[in-house]
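To keep things clear, I will list the structure first and then write my remarks on it.
The values are calculated or read from the model by the stated rules, or taken from the named source; none is laboratory data. Since this is a predicted model, take the numbers as computed values, not measurements. Positions of Cβ are generated from backbone atoms using ideal geometry, with glycine treated the same way; all protein chains shown enter the neighbour counts.
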C-alpha cells in the first residue's frame with residue numbers, strides 16, 4: 001500500500017497529503033475537509049510510510065497492516081475507532097496476532113483504524129491496491145522474460161531528446 005505522501009501532523013487532526021515543498025516547510029491538504037495548510041520545518045510530522053507497529057519479532061510497516069485490514073474488510077470500512085478498548089484490541093489481534101501488547105497502546109490502535117477509515121473513505125485504499133497490483137504484474141512479466149526490458153516514460157523522453 002502506497003502511503004508515501006500521506007502525513008500525520010502532530011497537533012492537527014486527521015491526515016494530510018503532501019502537496020508542495022517550500023523554502024520554509026511545505027503545503028499539505030487535509031483529507032478531511034480539503035483545506036490547505038502551511039507547515040513549517042519545526043512541526044512534528046510523520047509520513048505514514050515510515051510508521052511501523054511493534055511485534056514480538058520485529059516491526060511491521062503500517063502499509064502491511066492496512067493491507068491486511070483491507071483484505072479482511074474486502075476494501076471496505078473497518079470498525080470505528082470510537083469502540084471500547086476491549087473491542088479494538090480484539091479486532092487488532094485478528095489483524096496482527098503477534099503485536100507487542102506492552103508497546104502498542106489502545107490509542108495507537110485507534111489511530112491506525114481511524115487512519116484506515118479516512119483513507120478508505122477517500123478511495124485511497126483501493127487506488128493503492130490497484131497501483132501495487134500493477135507494479136507486481138510488471139515485476140512478474142520482467143521476471144518471466146529476462147530479455148524483455150521495461151522502459152519507463154522518462155527513459156522514452158530521454159531517447160527522443162537524443
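Scanning region 91-122 for residues that are under 14 Å from residue 66 (Cβ atoms), assigned to a loop (DSSP other than H, G, I, E, B) and out of contact with any helix residue (DSSP H, G or I) (no Cβ under 9 Å at 6 or more places or on another chain) yields one hit, 122.
Look at residue 80 and say whether it is over 15 Å from residue 117 (Cβ atoms) and in the same structural domain as residue 117 (by TED's automatic domain parsing). So residue 80 does not fit the description; no.
What number of residues within region 51-68 satisfy the criterion of being over 19 Å from residue 13 (Cα atoms) and in a helix (DSSP H, G or I)? Total meeting the criteria: 6. Any chance region 127-142 includes a residue that's in a helix (DSSP H, G or I), surrounded by 15 or more Cβ atoms within 10 Å (Cβ to Cβ) and at pLDDT below 95? So far as region 127-142 goes, yes, one or more of its residues are in a helix (DSSP H, G or I), surrounded by 15 or more Cβ atoms within 10 Å (Cβ to Cβ) and at pLDDT below 95.
The number of residues in region 69-90 that are assigned to a helix (DSSP H, G or I) and over 19 Å from the mean Cα position of the chain (by Cα) comes to 6.
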